[in-house]
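Here the structure comes first, spelled out in structure tokens, and everything after it is commentary.
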2 protein chains.
Amino acid sequence: MPDPAAPKAPELPATQAPEDAPVARFRLRLTQGARIAVGPGRIELLEAVRESGSITAAARSLGMSYRRAWMLLDDLNRRARAPVVESVHGGAQGGGSRLTDTGQELVRLYRHIEQTAARACGEDIEALKALLGHP
Amino acid sequence: MPDPAAPKAPELPATQAPEDAPVARFRLRLTQGARIAVGPGRIELLEAVRESGSITAAARSLGMSYRRAWMLLDDLNRRARAPVVESVHGGAQGGGSRLTDTGQELVRLYRHIEQTAARACGEDIEALKALLGHP
């Protein structure tokens, strides 16, 4: 236990952390009209369904309501050439959901694109970090 | 003028526009700790200052309060190796703001990175669009 009488170290306000090295992250969005068709949130949701085998568990792991998760997946299923998520009936766990081949390919392509972009732009991203004082 | 008595074409609800071809957009974010250091919003703001020569006009063109624009630019000025925006005093218009060389370079690099990423991933992005039924 810390001694409550010991002098506290001065706290830096949360707004001051310029010593942290910057982290670069690409996010790809595909929009159709004014609406997001595929973006980071939907891909994370697909990955969570892939891991957990359940929309309920996937939604919970992302702090999302079941209703919202279901609506996002339903929207994706309608947009895609073929459904990306399907129900699994029966089995030891009484059913659940899993990615279709199209869903697997969607996730794989999306993550591959992010990695390709990060590699292609590595040098310029370092230059950008250097502008922020982190060579 | 359209004939008001002519029968109207049935309107599709706004949620149904799957015939729109998808548009892909990369967005790059540099974070430091939990905070955004550079992202699309700040770059748009810098570009608006560059075009208008004024933080007030830039904020207005982006539908942002002057206070928010000022705080974002102040934060960038503190994070960057050198300030990105500076005040201009005097002149016919009684002063304003402009990008420094560092600010110009920040915008140029950021937009260049987005373009490089889009080019490097062109083929995979087409494959992703094809998954959405738009080959």
Loop sites in region A:19-117: GluC sites (Glu not before Pro), DSSP, at most 14 other Cβ within 10 Å
A:E19
Magnitude of the Cβ-charge dipole of region B:26-135, K/R +1 and D/E -1, about the Cα centre, nearest 20 debye?
340 debye
Cα radius of gyration and Dmax for region B:29-131 (Å)
16.1, 57
Treating the point 7 Å from Cα along Cα-beta-carbon as the label, what are the nm separations from B:G33 to the other copies, to one decimal?
4.3
Would you kindly work out, in nm and rounded to one decimal, the distances from the label point of B:V88 to those of the same position in each other copy, ordered shortest first, with label points 7 Å along Cα-to-Cβ?
6.3
Hey, for B:G122 with labels 7 Å out along Cα-Cβ, what do the inter-copy distances come to in nm, ordered shortest first?
2.3
Fully extended, how many nm does the chain gain between A:R119 and A:R81 (0.36 nm per residue separation, minus their Cα-Cα distance)?
10.8 nm
Can you pull out the buried accessible area for chains A and B, both sides counted, probe 1.4 Å, rounded to the nearest 100 Å²?
3900 Å²
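The values are calculated or read from the model by the stated rules, or taken from the named source; none is laboratory data. Predicted, not measured: the structure shown is a model, and the values here were computed from it. Note: ideal-geometry Cβ built from the backbone for every residue, glycine included; neighbour counts use all protein chains shown. In case anyone asks, the SASA skips ligands and DNA or RNA and just uses the protein heavy atoms, side chains included. Shrake-Rupley method; radii C 1.70, N 1.55, O 1.52, S 1.80 Å.
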